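Trainee: Below: one structure in structure tokens.
Read-outs: derived from the displayed coordinates by stated rules, not from any lab. If you're wondering where the values come from, they're calculated on a predicted model, not measured in any experiment. Virtual Cβ from ideal backbone geometry, glycine too; neighbours counted across all protein chains shown.
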Amino acid sequence: MQKIAIVTGASSGIGKTNVELLLKERVHVIALARNLEKIETVKKELEPLTKHANLDFVVGDLSDNKSTHQAGKDLVSFVNKKYQGKLDILMNVAGRVTSGYHENEDGNEVTFATNHLSVFILTYHLTPLLKKSDDPRVLVVSSLSHYRASINWKNIQNKKFYNILKAYKRSKLYNVFFVKAYAKRFKDIPIFAIDPGLVKTEIGGKNTTGLARFVWNLRKSGGTDVYYPSKFMVDVALKPEYKTFSGHYIKEGKSIKSNKITYNDEHANKLWSYSEALTSIDFK
Ligand SMILES: NC(=O)c1ccc[n+]([C@@H]2O[C@H](COP(=O)([O-])OP(=O)(O)OC[C@H]3O[C@@H](n4cnc5c(N)ncnc54)[C@H](OP(=O)(O)O)[C@@H]3O)[C@@H](O)[C@H]2O)c1
């Protein structure tokens, strides 16, 4: 039986390459993206790979609660209609880096909302469908930058003294906390934090200005091709040996230690409750 996967951030970079490699493995893919023009381009490019697996797009924006809840509901109804409500793989890839402090309509900082809260909301909506799979997997793309992040409960969203790098690193730290907390709550759904390493993508050139963009363009030249992390991500999603690594931080296909504060359950549970309150979710 062919597997069914949802991939966010499918319009470019790592997400798009994950879609390509999943199709090559004959996995049916539902890709989430927000930009219609980019969707058309990706559709055309990947069309030759859709002889043996389906590629569908659901349009959705992950930058605030309302649109992310809507994206979650739209994905659920799509999977219900096309695949009888069963989902095998959820890859949370979408993310951003943001110059300057910006709030969304909920009053949340946008990097925090897109990189952390959207993962929380989407995974919440899709968990009942993952429960119907006999081999479910959830992947969340974190980053090696999380090792240099700390947690400050008085400034969790970086509303005070906003700094582009601090906001990004913290959002990626929260991804690891989420993975560890989810693994404890949903023992039958293996979940993994993925470290893709430094990868040559356009992420640092999109919502950034001046120096940040200049530094990213220099830095990314030392990164790997997108196929490098994507290959490992597809392995984690499909290979049987990863099933026992739920809650782990995985780099280049190997389980490694994450930042030592990510093993603090008190922080993980507090972030979980804080995220529930912000998103109006009761994530049992
Ligand atoms: N590149 C690296 O070195 C690196 C290292 C560590 C971790 N990562 C992580 O890898 C993930 C993928 O990043 P990438 O490097 O492949 O960069 P990318 O090409 O910019 O991919 C980011 C994706 O997220 C989507 N996205 C951003 N905001 C969104 C929103 N509000 N709603 C829906 N989709 C949204 C983007 O869509 P648009 O095209 O519409 O903007 C894009 O498809 C991110 O989570 C990033 O933090 C990257």
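Trainee: How large is ³J(HN,Hα), in whole Hz, for each residue of the range 258-268 in order, when computed from phi with the Karplus curve 6.51 cos²θ - 1.76 cosθ + 1.60 and θ = phi - 60°, using x for Gly and Pro?
Mentor: 8, 3, 5, 5, 6, 8, 8, 5, 4, 4, 4
Trainee: Ok, one more. Could you give the alpha-carbon Rg of the chain over 2.2 N^0.38 Å, rounded to two decimals?
Mentor: On the way: Rg = 17.4 Å, N = 284, 2.2 N^0.38 = 18.8 Å.
Normalised Cα radius of gyration, the chain: 0.92.
Trainee: Let me ask something else about it. Just to confirm a number: summing +1 for Lys and Arg and -1 for Asp and Glu over residues other than Ser246 whose beta-carbon lies under 10 angstrom from that of Ser246, what do you get?
Mentor: On the way: positive: Arg137, Lys180, Lys184, Lys187, Lys243; negative: Asp188.
Value of the local net charge: +4.
Trainee: Ok, one more. Grab the other residues whose beta carbon is less than 9 angstrom from that of Arg137, score K and R as +1, D and E as -1, and report the net. Walk me through the intermediate numbers first.
Mentor: On the way: positive: Lys243; negative: Asp88, Asp135.
For residues surrounding Arg137, the net value is -1.
Trainee: So if each residue of separation counts as 0.36 nm, and I subtract the Cα-Cα distance between Glu45 and Glu25, what length gain in nm does that give? Please list the in-between numbers first.
Mentor: Details: separation 20, 0.36 × 20 = 7.20 nm, distance 1.68 nm.
Extra length from Glu45 to Glu25 when fully extended: 5.5 nm.
Trainee: Counting other Cβ atoms within 10 Å, keep those with at most 16, restrict to DSSP loop, and tell me which trypsin sites (Lys or Arg not before Pro) in the range 228-257 are left. Show your work: numbers first, answer last.
Mentor: On the way: sites: Lys231, Lys243, Lys251, Lys254, Lys257; in loops: Lys257.
Passing sites in the range 228-257 are Lys257.
Trainee: Okay, next question. Using each residue's phi in the range 246-253, evaluate 6.51 cos²θ - 1.76 cosθ + 1.60 at θ = phi - 60° and report the 3J(HN,Hα) Karplus result to the nearest Hz, with x for Gly and Pro.
Mentor: Rounded to whole hertz, the list is 4, x, 8, 9, 10, 10, 6, x.
Trainee: Could you tell me the calculated FRET efficiency between Glu202 and Lys131, based on Cβ-Cβ distance and R0 = 35 angstrom, to the nearest 0.05? Kindly include the intermediate steps, with their values, before the conclusion.
Mentor: Working: r = 36 Å, r/R0 = 1.02.
It comes out at approximately 0.45.
Trainee: Here's something else I'd like to know. Cα-Cα over 21 Å: which of Lys159/Lys260; Lys160/Lys257; Lys172/Lys206; Lys200/Lys251? Before the final figure, lay out each step's value.
Mentor: Numbers: Lys159/Lys260 25 Å; Lys160/Lys257 30 Å; Lys172/Lys206 18 Å; Lys200/Lys251 17 Å.
Correct reply: Lys159/Lys260; Lys160/Lys257.
Trainee: How much length is gained if the chain between Asn269 and His102 is pulled fully straight, taking 0.36 nm per residue apart and subtracting their Cα-Cα distance, in nm to one decimal? Walk me through the numbers before you get to the answer.
Mentor: Values: separation 167, 0.36 × 167 = 60.12 nm, distance 2.64 nm.
That pair, Asn269 and His102, stretches by 57.5 nm at full extension.
Trainee: Here is a further query. Report D for the range 194-244 in µm² per second (integer): Stokes-Einstein, Kirkwood Rh on Cα pairs, 37 °C, 0.692 mPa s. Write out the running numbers ahead of the final one.
Mentor: Working: Rh = 12.4 Å.
So the translational diffusion coefficient is about 264 µm²/s.
Trainee: Tell me the trypsin sites (Lys or Arg not before Pro) within the range 1-86 that lie in a loop according to DSSP and have at most 11 other beta-carbon atoms within 10 Å.
Mentor: Working: sites: Lys3, Lys16, Lys24, Arg26, Arg34, Lys38, Lys43, Lys44, Lys51, Lys66, Lys73, Lys81, Lys82, Lys86; in loops: Lys3, Arg26, Arg34, Lys51, Lys86.
Answer by residue number: Lys51.
Trainee: From the helices alone, meaning DSSP H stretches of at least four residues, give me the mean residue ellipticity at 222 nm for the chain, per-run term -39500 (n - 2.57), in deg cm²/dmol to the nearest 500.
Mentor: Working: 8 runs with 115 residues, N = 284.
The per-residue figure over the chain is -13000 deg cm²/dmol.
Trainee: Around His52, what is the net charge, scoring Lys/Arg as +1 and Asp/Glu as -1 over all other residues with Cβ under 10 Å from its Cβ? Don't skip to the end; give the middle numbers.
Mentor: Working: positive: Lys24, Arg26, Lys51; negative: Glu25.
Cβ neighbours under 10 Å give a net charge of +2.
Trainee: Now for a different question. Longest span of the chain, sites excluded, free of chymotrypsin sites (Phe, Trp or Tyr not before Pro) in DSSP loop with at most 11 other C-beta atoms within 10 Å?
Mentor: Details: sites that count: Trp153, Phe161.
After excluding every exposed loop site, the longest remaining stretch is 1-152.
Trainee: Could you give each residue of the range 149-157 its phi-based ³J(HN,Hα) in whole Hz, using Karplus coefficients 6.51, -1.76, 1.60 with θ = phi - 60°, and x for Gly or Pro?
Mentor: So the J values, rounded to whole Hz, are 9, 10, 10, 10, 5, 8, 8, 4, 9.
Trainee: Reachable aspartates and glutamates from Lys270, Cα under 19 Å, same-chain residues fewer than 8 places away excluded?
Mentor: List returned: Glu109, Asp282.
Trainee: How about Lys3: which aspartates and glutamates have a C-alpha closer than 13 Å to its C-alpha, ignoring those fewer than 8 places off in the same chain?
Mentor: Hits, sequence-local ones excluded: Glu25, Asp88, Asp134, Asp135.
Trainee: Continuing with this model, one more query. Going from the alpha-carbon gyration tensor of the range 145-277, what semi-axes, largest first and in whole Å, does one get by taking the root of 5 times each eigenvalue?
Mentor: On the way: eigenvalues 130, 104, 22 Å².
Semi-axes, largest first: 26, 23, 10 Å.
Trainee: Are there GluC sites (Glu not before Pro) in the range 229-284 that DSSP marks as loop and that have at most 12 other Cβ atoms within 10 Å, and which are they? If you can, show how the numbers build up before the last one.
Mentor: Details: sites: Glu241, Glu252, Glu266, Glu276; in loops: Glu252.
Answer by residue number: there is no such site.
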